[in-house]
Amino acid sequence: MNVNLQHWRLDVDAQGIATATLDKAGESANSLSAEVMREFSSLLDQLDVYPTKGLIIRSGKEAGFIAGADISEFSQLDTAEKGRALVERGWKLFNRLEAVKYPTLALVRGHCLGGGLELALACRYLLAVDESGTKMGLPEVMLGIFPGWGGMLRLPKRVGPAAALDMMLTGKTLDAKRAKKMGLADDCVPPRVMEMAARQLLVSGQSRRPLPFMQKLMNGPLKSVVANGARKQVAKKARPQHYPAPYAIIDLWQKHDGNALAAPEVVDRIISSPTARNLVRVFGLQERLKGFGKDSDFKARRVHVIGAGVMGGDIAAWCALRGMTVTLQDQTLERMSPALKRAHALFTKKLRDPLKARAAFDRLIPDPQGDGVPHADVIIEAIFENVEAKHALFRALEPRMKPGAVLATNTSSLKLEDLRTVLHRPERLVGIHFFNPVSMMPLVEVVEAEGADPAAVQAACAFVKQIDKLPLPVKSAPGFLVNAVLAPYMLAAMRAVDEGVSPETVDEAMLAFGMPMGPIELIDTVGLDIAMAAGKQLASGADAPKCLLQRVEKNLLGKKSGQGFYAWSEGKPQKGSAGSVPAGLAERLVKPLIDRTERLVAEGIIGDAELADAGVIFGTGFAPFTGGPLNYRKSV
């Protein structure tokens, strides 16, 4: 066959089975750029001329199958025509792939996302390789767009509409075993037999597992019932004016069978929306954070955490979940018991496999004597916020550490320059500041004190990346970035309560602005005593709000005591009616946060405005559709 391709390789074996291998030139991961799609079309032209017994589509990359469309091309969609052309390109090509006369199979190993899964769905068979990196999903909604290349048509037919809409509206992914169980994958096999299994399945003539009768009804006559249920679920989490894409996905599936080209006005509205532009920007910011630490060859295998409180215990559990051997130190086993209990719950929930959960639990070793210190690649101090106590600990730790180990503190309010005075090598101390809850919050601040060893900072970033968190380098200053910008925001919210605005109204104003949680509920969740202590540190000498003082004096500390600004029941605040929100309240409350963010950039605490936006979005949940506080101010 005479095919001159830059990104694809086409091979035909003695049995007449063709294999198309995608290995995008100059990239570590495959994505479906315009050029890759054009070449795939040429490849299908060749197979029309030279008939084949079947076609296997696979990746030539270690990183996975296909990560999706080429995100950089989205930022160039400056006209409605270009947006429609992008949708049309994939829709027509994958319809063509589905219609070929010979059997086709997608051999999915590693990530298979967005356009990559849409390509796989257009094949007759999907064979998933059972290993930890295999993840399948349609996460376009996270970029403020929709799966326009056939995913909205084919996924509901493959797994049923309820499961398909859940995947498309949340962006969640499935591993190989779950994909097989749900009917997304025809089979799931270990890597060692994948080549043989792919050939066997391709020529088997096996028909696809049919959808159960009820699911067929939900895809047909009962479509409106499913769609209305999905809209109600989406409305609980996202307002249409902030996030139009999930509502568009439901409409396109219900009214147009997933064909976006049948509703060009929807394509134009979604692709040209500020939300899509900003969420694509946020994706770029996330990729930038992932780049920190990649130049370091530091790799941690053993971690030692001191302090088994909520933060220390959850940091230790997360590291064990991510495959590291972790020793957890506290004064007694009794003090570690709650942390181990939470770890067990985390492993059970995240791993969904008793053997894997057991293995993770075995990697988390209670260590009251600190025997893990000399073997640890990373040592994280997470004891209470007291300089003298931390000094005593660092004095004892330093002589026992192995050369090249990272010494880190999880302090949220103390200056590293004050903590490291007792060290022989003070430049060695870095901050690795996690947020609560550790398993949910993606950001970790990597704090660099004056004169810190750059290699130690790089190693800390590499470690954070290794445990699948986003490292954000910040300079040592009270509150670093995230807590420093939250303090004036929470203060402004409580000042409004002092003025007679109800906590419910304050929270509703910020939910309507696009925050994931209102500031008063956030204070209750963090704890009023902690808010008080942080306020003293970060409020530049301002008096504490009366509403906070009164409650702390009565020991009403929020969620943990069952009563703060709200009464709490079964982990949820009991709120009254918010009433009407005064005009301009949200802008007034968010202004101090944006002002402080600007100041921290000007003072060099954070590298630049882009990193500040990334840190505030991933560290506080600041409305992602705005593109971050500084981007929001610029756009307003």
Inset, instruction - Take each of the peptides 553-566, 61-74, average the number of other beta-carbon atoms within 10 Å over its residues, and list them starting from the highest. - result: 61-74, 553-566
Legend entry - Geometric extent, Cα atoms of the stretch 483-635 - Rg, Dmax (angstrom): 15.2, 44
Inset, instruction - Could you line up Arg89, Arg9, Arg420 from fewest to most neighbouring Cβ atoms inside 10 Å? - result: Arg9, Arg89, Arg420
Inset, instruction - Using only Cα atoms, tell me the angle between helix 503-513 and the longest principal axis of the chain; keep it within 0 to 90° and round to the nearest 10. - result: 40
Inset, instruction - Please order Glu448, Glu27 by the number of other Cβ within 10 Å, starting at the fewest. - result: Glu27, Glu448
Inset, instruction - Give me the distance in nm between label points sitting 7 Å out from Cα along the Cα-to-Cβ direction at Glu27 and Glu570, one decimal. - result: 4.7
Inset, instruction - Tell me the label-point distance for the pair Leu333, Val387, using the 7 Å Cα-to-Cβ offset, in nm and rounded to one decimal. - result: 3.8
Inset, instruction - Evaluate 2.2 N^0.38 Å with N set to the residue count of the chain, then give the Cα radius of gyration divided by it. - result: 1.04
Legend entry - Cα extents of the stretch 320-389 along the three principal axes, largest first (Å): 43, 24, 18
Inset, instruction - Please give the length that would be gained between His256 and Ser635 if that part of the chain were fully extended, namely 0.36 nm times their separation in residues minus their C-alpha to C-alpha distance (nm, one decimal). - result: 133.0 nm
Inset, instruction - Please give the peptides 191-198, 310-317 ranked by average Cβ packing (other Cβ atoms within 10 Å per residue), highest first, as a rough proxy for protection. - result: 310-317, 191-198
Inset, instruction - Report the far tail of the P(r) of the stretch 8-272, meaning the percent of Cα-Cα pairs longer than 31 Å. - result: 22
Legend entry - Shape category assigned to the stretch 402-518 from the gyration tensor of Cα positions, a/c cut at 1.5: prolate
Inset, instruction - Would you please put 481-490, 433-442 in order of how densely packed they are, using the mean number of other Cβ atoms within 10 angstrom per residue and starting with the highest? - result: 481-490, 433-442
Inset, instruction - Loop only per DSSP, at most 15 neighbouring Cβ atoms within 10 Å: give me the trypsin sites (Lys or Arg not before Pro) in the stretch 266-327, ordered by residue number. - result: Lys294, Lys299, Arg301
Inset, instruction - Go ahead and run the numbers for FRET between Ala542 and Arg178, Cβ-Cβ distance against an R0 of 35 Å, rounding to 0.05. - result: 0.10
Legend entry - Extension reserve of the Arg301-Leu217 stretch, reckoned as 0.36 nm per residue once the Cα distance is removed: 25.1 nm
Inset, instruction - Measure nothing but the geometry: give the 0 to 90° angle between the long axis through the Cα atoms of 454-466 and the longest principal axis through the Cα atoms of the chain, rounded to 10°. - result: 50
Inset, instruction - Set the Förster radius R0 to 51 Å, insert the Cβ-Cβ distance between Leu423 and Lys236 as r into 1/(1 + (r/R0)^6), and round the FRET efficiency to 0.05. - result: 0.55
Legend entry - C-alpha long axis of helix 80-99 to longest principal axis of the chain, angle in °: 50
Legend entry - Length-normalised contact order of the chain in % [C-alpha pairs under 8 Å, at least 6 apart]: 9
Legend entry - Helical mean residue ellipticity (222 nm; -39500 (n - 2.57) per DSSP H run of 4+; nearest 500) of the chain: -14500 deg cm²/dmol
Inset, instruction - Go through Ala179, Ile270, Thr597 and say which Cα lies farthest out towards the positive end of the charge dipole of the chain; charges sit on Cβ, +1 for Lys and Arg, -1 for Asp and Glu. - result: Ala179
Legend entry - Residue order, fewest to most beta carbons within 10 Å, for Leu5, Leu600: Leu5, Leu600
Inset, instruction - Treat each spin label as a single point 7 Å out from the Cα along the C-beta direction, and report the Glu88 to Ala34 distance in nm. - result: 1.3
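Each value in this text was obtained by applying a stated rule to the coordinates, not by laboratory testing. Please read all numbers here as calculations on a predicted model, not as lab measurements. Note that each Cβ is placed from the backbone with ideal geometry, even for glycine, and that neighbours are counted across all protein chains shown.
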